[in-house]
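Everything on this sheet refers to the single structure shown next.
The values are calculated or read from the model by the stated rules, or taken from the named source; none is laboratory data. Please read these numbers as outputs of a predicted model, since none were measured by experiment. Ideal geometry is used to build each Cβ from the backbone, glycine not excepted, and the neighbour counts take in all protein chains shown. Each accessible area value is taken on the protein alone, full model and side chains, heavy atoms only, with ligands, DNA and RNA left out. Shrake-Rupley method; radii C 1.70, N 1.55, O 1.52, S 1.80 Å.
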Amino acid sequence: LISLSYYIYIYIYPGGTLSKSLNRGFATFLAGALGLGADYFASLFGKNGEPIVLGILVFLLAAAATFSRFFPRIKARYDYGVLIFILTFSLVAVSGYRVNELVVLAHQRLSTIIMGGATCMLISIFVCPVWAGEDLHKAIASNLEKLATYLEGFGGVYFQSSESDGMGTGKSFPQGYKSILNSKSSEESLANFARWEPGHGRFRLRHPWKHYLKIGALARQCAYQIEAINGCIGSDHIQGSEEFKGKIEGSCTRMSAECGKTLKALATSMKTMTDPYSSANTHVENSKAAMKDLKFALKAASLENADLAAILPAATVGSILVEIVKCVEKISEAVHELSQLAHFEKETVEPTVSPEKPPQLLHRGIIQPVLDGDSTANDNVVITIHEIISTDSPENGKACDQHQVPKPGKKIEAL
């Protein structure tokens, strides 16, 4: 019961339950077997040498297992198993010197672990599963949305534009990006649990969970850039020339807005699991075009204005926005790569051409112009229209491409 309650209340995710249960089961089995072997080997040295040999074996194996925990790959996946191995081996090996029925002790411990782990795996997978993969997928998409919300409103707020969508400066400006700065540990934990999970929903068995960490790292890089320019909003001691800010306002506003639209399109595509290339690529190209305009404006302003102190604050903001554009482009490429690896659905494009309509009957007409030099002619234009009867009709049953029969002409006088 203690083992069951330990599993149920600690490991919420099925991936975590599978990871911990398998690590605990294999580590207990291996450590128990080695403990029995160490006890048998130490018994060969007699009563006096047995405790010395057991102490040396426990020290060597525990030291080796502890040192292996420093390897990043082992620590990420098997750290818990190594810890249980050290505990179980020490317990079995030392108990062998004091307990007569050592095999019974090892068997009881292993059977308890197997029953507890199997019960919790069945409950976490089939009864009330909370998938770590889905949480990771939603967390990455939510982080991209937070970045998009900030960037879409930054240009209007920084340049004191009236089109700031009602977002003010200071504390009222959205600060959701700050939660991304410390999201590395939680993302790595979720990705580690997701690797152990079986296929579920739209996530296949070998889903590229590792690629989510790449997108998360790029999102944090973008968040650090945003943290740098966030200090420029409403800071009285970091103000430059208003004339220079006016020259780069259009380019900077377009860059931040297009980057925000790109990230929002990427977040939407991740939520719907569709390929975002066509929707996000347009905004990426627009932001790169605005970046080129900003570089020309900075060059021209630096040549015209000799006072670097006046243009340096706004130029710093512009240079950081250039880095944000490059980072957003990398995020777009990473999400597109993820869509290919995870086999996202192709984005549906709305047809721009109206559906083909049934052919309509046309009229053939003759326009007789009025000559300027003809003083006797009336000031009007005579239009003669011949009505066309299509032979492709239920009455005649013939194809319309054979011939068409004109009716007698009618004259319509247009003033």
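If you go through the range 232-255 and keep only what is among the charged types (D, E, K, R), at pLDDT below 85 and more than 13 Å from K295 (Cα to Cα), you end up with D236, E242, E243, K245. Kindly indicate whether L54 is in the same structural domain as L83 (by the TED database), more than 19 Å from L87 (Cβ to Cβ) and of a type in the set (A, V, I, L, M, F, W, C). Considered against the rule, which asks whether it is in the same structural domain as L83 (by the TED database), more than 19 Å from L87 (Cβ to Cβ) and of a type in the set (A, V, I, L, M, F, W, C), L54 comes out as no.
Once the range 8-31 is narrowed to residues that are open to solvent by less than 90 Å² (accessible area, probe 1.4 Å) and of a type in the set (S, T, Y), the residue that is nearest to the chain's Cα centre (by Cα) is Y13.
Summed over the range 255-273, the residues that are open to solvent by 30 Å² or more (accessible area, probe 1.4 Å) and β-branched (V, I, T) give a count of 2.
One line per residue, one yes/no per condition, for (1) surrounded by 10 or more Cβ atoms within 10 Å (Cβ to Cβ); (2) within 17 Å of K264 (Cα to Cα); (3) at pLDDT 85 or above; (4) not aliphatic (A, V, I, L, M):
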residue	(1), (2), (3), (4)
V325	yes, yes, yes, no
I331	yes, yes, yes, no
E347	yes, yes, no, yes
T352	no, no, no, yes
P355	no, no, no, yes
G365	yes, no, no, yes
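Scanning the range 147-160 turns up no residue that is open to solvent by less than 40 Å² (accessible area, probe 1.4 Å), more than 28 Å from the chain's Cα centre (by Cα) and modelled with pLDDT under 75.
Could you count how many residues in the range 3-25 are modelled with pLDDT under 80, of a type outside the set (S, T, N, Q) and within 18 Å of Q108 (Cα to Cα)? Number of matching residues: 3.
If you check L136, L83, L44, L34 for being at pLDDT 80 or above, among the aliphatic types (A, V, I, L, M) and loosely packed, with under 12 Cβ neighbours inside 10 Å, only one passes: L44.
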